[in-house]
Amino acid sequence: MLRDDIEKKIEGLLKKGKSRRQIVKILKDEVEPAKLLFYLNNMPDPKDKEKYVIINFFLLGLLAFITARKVAMAFSFGGFDIYAILALVVPVINIYIFMEISRFRRIGYQFLAVLSSLSLINPENHQVPEVLLLPAMAGLSGFLYIKMFPKKNLIKDVP
């Protein structure tokens with residue numbers, strides 16, 4: 001089964017009100033257990049998506065702003081050389097995280113919380129607005145991660 005098919009099936013079952021345990025029982029014969037656990041634990045409940053959509057959009061806006069600044073900095077030095085390519089590493093990672101967060105995926109919130117916290121170590125991020133926006137992004141992504149993916153909802157194994 002393809003990735004999109006697995007995700008669509010799980011999302012459909014969650015929207016129908018099925019519990020994660022019920023979904024495991026329904027799909028355990030169709031989907032490889034490791035993939036089933038990954039996709040099932042990587043998606044929030046639909047009611048949580050609706051509840052936190054505004055905060056998620058705000059977080060996406062912050063991430064888009066930071067990414068745009070990084071891309072502008074990469075091309076501000078003129079030529080396209082190895083330094084410009086290296087400067088594009090952070091925006092490419094940010095774009096991946098942006099895609100995951102826009103789809104409300106758990107892994108995006110994890111990455112953003114960790115990477116935005118770690119990016120405060122870099123001296124180039126010790127200026128306004130990064131010094132203010134990066135802790136805000138770390139806090140918001142951590143908050144959304146805790147609220148939308150509580151440990152009690154995670155499935156550990158497929159019976």
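Bear in mind that the values in this text are calculations on the coordinates, not laboratory data. Here the structure is a predicted model, which is why all the values come from computation and not from measurement. Every residue, glycine as well, gets a Cβ built from its backbone with ideal geometry; the counts of neighbours run over all protein chains shown.
For first residues located in the range 17-45 and within 14 Å of Leu154 (Cα to Cα) and free of Cβ contacts under 8 Å to residues at least 40 places away in the same chain, partners that are part of a helix (DSSP H, G or I) and not β-branched (Val, Ile, Thr) and lie 6+ apart or on another chain with Cβ distances below 7 Å form the pairs Ile23/Leu13; Ile23/Leu40; Tyr39/Glu7. Among the residues of the range 1-38, the ones that are more than 18 Å from Ile107 (Cα to Cα), surrounded by fewer than 17 Cβ atoms within 10 Å (Cβ to Cβ) and not basic (Lys, Arg) come to 12 in all.
Would you say Phe104 is of a type in the set (Phe, Trp, Tyr), buried (at least 18 other Cβ atoms within 10 Å of the Cβ) and part of a loop (DSSP other than H, G, I, E, B)? Show your work before the answer.
Details: of a type in the set (Phe, Trp, Tyr): yes; buried (at least 18 other Cβ atoms within 10 Å of the Cβ): yes; part of a loop (DSSP other than H, G, I, E, B): yes.
In short, yes.
For the range 51-73, the count of residues that are in contact with a Lys or Arg (Cβ under 6 Å, 6 or more places away or on another chain) and surrounded by 13 or more Cβ atoms within 10 Å (Cβ to Cβ) is zero.
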